[in-house]
Structure formats: C-alpha cells, structure tokens
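Following: one structure in structure tokens, then a few remarks.
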Amino acid sequence: MKMVLPIAVALSGCAATLSGFQPAHVPQKHHVQAEAGFDVSVPVGTITRTIDAAESLSNAAKNRSLTTDERNQVVEAGTNLALDPPALVAHAGIAWAPFDRWEIGLRASSGAWRAGVRRQLLVQETHGWDLTVGLGLQRFSYKFPVGDFVGVLALEDFTRWSVDVPVIAGKRGDWYRLWGGPRLVLSKYSSRLRLDLPATGSTAAETIVATVDGDATLIALQGGVALGYRHLFIGVELTVARLFSQPTLDVGTTRFTPDIGGWIIYPGVALLGEF
C-alpha cells in the first residue's frame, strides 16, 4: 500500500494486537510473567489493493458521481481497513499461575482488552520441550480516521469480539527463550460507515449510511526469540496471518456479501519479565 508507514503512525493503536509474546512455559505456581512492547501491523495483498482502489474512487467522486458498484467498493475498502488497518500497536500484559501448569492472564492494547488462560501440556525438564495451549477472549472497540485515507468515508464506530486459541512450543534457558506455533482467531464484528459524496456538476451532495456485520477467521503462524538473563529478557516476534471474512454490507438499499481479507505481516518487540 502507498505510504504504509505514515498511515501506521497516524493510526497508532487502531489495530487489535495479534502478537503473543508468551514463551512456551507458564510461570511456576504463584509466580508472574509480564510483557510490554510495540507491534507493527502491515496488511498486504488483497487488502492493500482494495484500499488503493477506494482512494482513487474517493478522488474521482470530487468530479463525478459514483456508480452503485463503485460506492459498494468504497464501503468494502472501509470494512477491510477497519478490520486490520496498518498501525503501530502498544500492548502490555501480565499472567499469574494459580496452580501448577496453569496460567491466567490479562492484556491491554489501545482499544482492546484480552483475558486468557493457558495450560502447559509438556515440560522441558521431563519431555525436552515446553508445550502450552491457550484460550483467550478479546473485545476491541475503536474509532479511527478512515476518512483521512479514503476521503469520502467516515467510520462511526467499530466493535469486535474475538476468541483465540494459541498453541506454543519452545525451549528455554537462563539466557534465552525460544517459542513458536499456530494461532486461530474467530471474530464477530459490527460497524457503521458513512459515505459523504460531494456535489458535482450534475449531482447534489449525498450522504449514505452503510451498516456492516460479519464474522472473520484468522489463521496465523508466529515465532519469537528473547535474550536476557534469568528474570528479564528483550524479545522479538513475527506473526504471519491470513484473514478471511465475508461480511454483510447494507449500503443504502443495496445488500451484498463480498469476500474480503488478505495477508497480514505483524512484527513486534517487547520487554519480558518473569518473577
């Protein structure tokens, strides 16, 4: 997408975090793991082409009226942008082990809260590897300036509920943490978009409200490494994800269900602690 980095800076905090920054082991009983850092969400492929086309149509709307198909295309792009915009995302999380091999955690990022639980299935000291499986629930709600990039479009609100299942395998030592595995995310979202079409030589100004409801599936593979000593580590993590979604869009009197989504590249860096 054109100017991805400037857009990411402008939309700082507008994307729900996909990173985990959790090594493959849970803390010892009554101990804590914590993390804080930044991620960059970079959508590529289908998402970027859809938004670039909408930018062109937004410019064209200043000189001529848009057809119904073109209006729908702009709203589709706005939905794509709302689902996973390019953005810088700050996050912080803490997890506590109430029992052996069990962990409960809470994580916050701009506009989102996630509560989760993990169970450690394999332990390095016994099996040679650590392996955990988790379950998380996240609520994401945010308003961000879609109109800064698709000029005729405004996002009135966006809410998403997500359930995610991470499976993480890894190794650890006094000076390193190494982890990776798949993550499945299932989401339900809703939004309202307002299409403000300017007056042209042949038409009057027009406002069209579009409602968006849909489900999304995100399949991700992520891996990370952290270096430090005993209790404090600096880590990097990379997530590569494929987003699938087929929302129902009501634009004026028109209803349609486009297939939207695409690939997302999601690198991040964080400070990790174990106490």
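Data overview
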{"quantity": "Rg ratio (alpha-carbon, reference 2.2 N^0.38 Å) - the chain", "calculated": "1.12"}
{"quantity": "About the Cα centre, charge dipole magnitude for the chain (Lys/Arg +1, Asp/Glu -1 at Cβ), debye", "calculated": "440"}
{"quantity": "Rounded to the nearest 10 Å², the accessible area of E125 at probe 1.4 Å", "calculated": "130"}
{"quantity": "Gyration tensor verdict on the range 40-123 (Cα atoms; rounded if a/c is under 1.5, prolate if a/b is larger than b/c, oblate otherwise)", "calculated": "prolate"}
{"quantity": "Å² of accessible area per residue within the chain, as computed with a 1.4 Å probe and no ligands counted", "calculated": "45"}
{"quantity": "Principal-axis tilt of helix 68-83 within the chain, Cα atoms, nearest 10 degrees", "calculated": "20"}
{"quantity": "Degrees between helix 46-60 axis and first principal axis of the chain (Cα, 0 to 90, nearest 10)", "calculated": "30"}
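The values are calculated or read from the model by the stated rules, or taken from the named source; none is laboratory data. Remember, it's a predicted structure, so these values are computed and weren't measured experimentally. Note that we place each Cβ from the backbone using ideal geometry, even for glycine, and neighbour counts take in every protein chain shown. These accessible areas exclude ligands, DNA and RNA; they are computed on the full protein's heavy atoms, side chains included. Shrake-Rupley method; radii C 1.70, N 1.55, O 1.52, S 1.80 Å.
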